[in-house]
Amino acid sequence: MSAQKEYSFFQSVEKSFDKAAKFTKWDRGLLEQIKACNSIYSMRFPVKLDNGTIEVIEAYRVQHSQHKTPCKGGIRFSEAVNEDEVMALASLMTYKCAIVNVPFGGAKGGIKINPSNYSVYELEKITRRYTSELVKKNFIGPGIDVPAPDYGTGEREMAWIVDTYQSLKPGEIDAAGCVTGKPITLGGVRGRKEATGMGVFFGVREVCNMADIMEKLGLPVGIAGKTVVVQGLGNVGYHSAKFFRENGAKVIAIAEYNGAIYNADGLNEEEVFQHKLLNKTVLNFPGATNLEKSEDALELECDILIPAALENVINASNAPRIKAKIIGEAANGPLTPEADDILALKGIVVIPDMYLNAGGVTVSYFEWLKNLSHVRYGRLEKRFSENMNTRILEQIEELSGKKVSEKEKTFIMHGADEIDLVHSGLEETMISATHEIMQVWKSNPEIPDMRTAAYVSAINKVANSYVELGIFP
Ligand code: NAD
């Protein structure tokens, strides 16, 4: 039995926090304030089901920190939702936002239901009623608290939330910014779908570009030629695999819940995805070998392992057999604390979830900014840049007497669209965050791993905002 069962999810976040807090200079009182969940709204409300019966729904919204406002965090629909879990996830959001310099406090929401047990009409009623409850208690708004999709929710639910909010707050000019992850037609931003997988790729690539880290691992610098194993071919796993492959890495194995496949020459995620759609499994993919058990994929010899499915998949029992050199935590919580300790001893570099899968919240921030500015990214400057680039090219051609190829011309003249700006903003965010965490890690040889360094970086940033308020020394 793993020791993780001895403490709750929130307590395990507190444990990681305390482990990192030792490497900071902050006063105990300030650290206690940072750790605490500031506002917890536990609610019950009735919903009339399609069969005429009334069900009392249990739901939560937790605002962990208002050191920056609004608060930000997803809403999950799951039977496993409880107050402790929502508190833990809200805390993680505070640290995640701090790490990637997204100026929000952390929050999280949850409704304790299994969405597949309800009709679409019932789900709409539940979502709209939950939103009204948040409005009643001032727990939602573009300047207060901005939810987003999470486990069991998506664009559809976000559309219901913004519609409910707007009807209860008529005339509020920034109302579209009350929630992110919306459909584009309701104020969503392009690039949200691939954001987390792309962020995973940018983060791992940055670590692979660090000569000292690669030297310790006995690997060449860069992504090209590295072997990658991906667990979970969902949104995050699919997009991570896509960006690794497109940038010259070889995805040698893909694992799904009902099987895993291996091909030393590399797999194409889109072909595997189509095969899975058709056959309901990745098994028997042409040219690949089936693995006996899906979990075996985690123990394959590879340079980079990307767990992108579930929590706790690498634990005390399989950690000793992990052969990857780098683990990029795309999923939330794929390693138990016990696994963390074992892998650190083996010298495996674990790039922590709290920062590596922050692409989603980063692009959510861009969506919120778009909603507040009421204009699509690139609308004002795209044509201007294209005209300017054309002029510059014409001048170069005229002065040099040489012609630029049509392909290069198209590339250079292109003015940035919304998708270009979102992708480059995400790339910049992940690169800066990687360097900030690495700087903290390298500044103190006693910091045991990158996760602790990420926490230290987050704690310092949150603490500094309190210090600037003059509340704490
Ligand atoms: P998803 O539901 O799209 O994909 C998950 C995939 O994992 C599915 O294809 C599922 O079949 C597969 N899977 C389930 N059990 C498995 C098992 N035992 N072995 C192998 N595969 C298994 O979900 P997602 O949005 O890709 O999220 C994946 C993880 O990333 C979750 O932990 C989530 O919390 C985290 N995450 C997601 C986002 C996001 O933007 N989607 C952001 C941050 C973190």
Residue ID - nearest to ALA98 (Cα to Cα), chosen from residues in the stretch 317-331 that are away from the ligand (no atom under 16 Å from the Cβ) and open to solvent by less than 10 Å² (accessible area, probe 1.4 Å): ILE326
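List the strands (runs of 3 or more DSSP E) inside the stretch 1-91, counting only whole elements, that have at least 3 residues being within 19 Å of GLY333 (Cα to Cα) and outside the structural domain of TYR365 (by TED's automatic domain parsing).
Details: elements: 39-48, 54-63, 71-77.
Ranges flagged: 71-77.
When the residues of the stretch 293-308 are narrowed to those that are more than 14 Å from the ligand (Cβ to nearest atom) and either of a type outside the set (A, V, I, L, M, F, W, C) or touching a Pro at 6+ places or on another chain (Cβ under 9 Å) (or both), which ends up least open to solvent (accessible area, probe 1.4 Å)?
Filtering the stretch 293-308 for residues more than 14 Å from the ligand (Cβ to nearest atom) gives 301-304.
Subsequent filtering for residues that are either of a type outside the set (A, V, I, L, M, F, W, C) or touching a Pro at 6+ places or on another chain (Cβ under 9 Å) (or both) retains 301, 303.
Numbers: GLU301: 132, ASP303: 27 Å².
The extreme case among them is ASP303.
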Given (1) open to solvent by less than 80 Å² (accessible area, probe 1.4 Å); (2) within 13 Å of the ligand (Cβ to nearest atom); (3) more than 28 Å from VAL349 (Cα to Cα), index of the condition LEU277 fails: (1)
Pairs where the first residue, in the stretch 196-211, is open to solvent by 10 Å² or more (accessible area, probe 1.4 Å) and the second is more than 10 Å from the ligand (Cβ to nearest atom) and among the small types (Gly, Ala, Ser), C-beta under 7 Å, 6+ apart: ASN209/GLY222
Selection within the stretch 390-425 - over 30 Å from VAL375 (Cβ atoms) and polar (S, T, N, Q): GLN395, SER400, SER405
Breaking point among (1) surrounded by 22 or more Cβ atoms within 10 Å (Cβ to Cβ); (2) touching a helix residue (DSSP H, G or I) at 6+ places or on another chain (Cβ under 8 Å); (3) of a type in the set (Val, Ile, Thr); (4) under 19 Å from THR180 (Cα atoms), for VAL135: (1)
Tabulated pairs, the stretch 432-447, first assigned by TED's automatic domain parsing to the domain that holds GLY359, second surrounded by fewer than 13 Cβ atoms within 10 Å (Cβ to Cβ), C-beta under 9 angstrom, 6+ apart or interchain: LYS442/ASP212; GLU446/LYS22
Flag for ALA260 being in contact (Cβ under 8 Å) with a residue 40 or more places away in the chain, within 12 Å of the ligand (Cβ to nearest atom), assigned by TED's automatic domain parsing to the domain that holds GLY359 and part of a strand (DSSP E or B): no
Only listed residue being among the basic types (Lys, Arg) and within 29 Å of VAL350 (Cα to Cα), chosen from LYS382, LYS442: LYS442
Odd one out for GLY188 among (1) in a loop (DSSP other than H, G, I, E, B); (2) open to solvent by 10 Å² or more (accessible area, probe 1.4 Å): (2)
The stretch 229-253 - residue that is in contact with an Asp or Glu (Cβ under 7 Å, 6 or more places away or on another chain) and aliphatic (A, V, I, L, M) and, of those, nearest to the ligand (Cβ to nearest atom): LEU233
Neighbours by Cβ (under 7 Å, 6+ apart or cross-chain): first from the stretch 11-36, under 14 Å from ASP449 (Cα atoms) and touching a residue at least 24 places away in the same chain (Cβ under 8 Å); second crowded, with 18+ Cβ neighbours inside 10 Å and aromatic (Phe, Trp, Tyr): SER16/TYR455; PHE17/TYR455; ALA20/TYR455
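Quick grid of which residues meet (1) in a helix (DSSP H, G or I); (2) basic (Lys, Arg); (3) open to solvent by 10 Å² or more (accessible area, probe 1.4 Å):
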position: MET214; (1), (2), (3): yes, no, no
position: VAL221; (1), (2), (3): no, no, yes
position: ALA224; (1), (2), (3): no, no, yes
position: TYR238; (1), (2), (3): yes, no, yes
position: PHE244; (1), (2), (3): yes, no, no
position: ALA253; (1), (2), (3): no, no, no
Sole exception among (1) part of a helix (DSSP H, G or I); (2) open to solvent by 10 Å² or more (accessible area, probe 1.4 Å); (3) within 16 Å of the ligand (Cβ to nearest atom) for THR153, by number: (1)
Inter-residue pairs, beta-carbon under 6 Å, first surrounded by fewer than 23 Cβ atoms within 10 Å (Cβ to Cβ) and in the stretch 341-368, second of a type in the set (Asp, Glu), 6+ apart: ALA344/ASP449
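Mind listing whichever residues of the stretch 448-460 are closer than 14 Å to ASP18 by Cβ and open to solvent by less than 20 Å² (accessible area, probe 1.4 Å)?
Our first condition is that a residue be closer than 14 Å to ASP18 by Cβ; within the stretch 448-460, this holds for 448, 451-452, 455-456, 458-459.
THR452, TYR455, VAL456, ALA458, ILE459, listed by residue number.
The values are calculated or read from the model by the stated rules, or taken from the named source; none is laboratory data. Computed from a prediction, not measured in an experiment: that's the story for all the values here. In this analysis, Cβ positions are derived from the backbone assuming ideal geometry, glycine residues included, and neighbour counts consider all displayed protein chains. Calculation scope for accessible area: heavy atoms of the full protein, side chains included, ligands and nucleic acids excluded. Shrake-Rupley method; radii C 1.70, N 1.55, O 1.52, S 1.80 Å.
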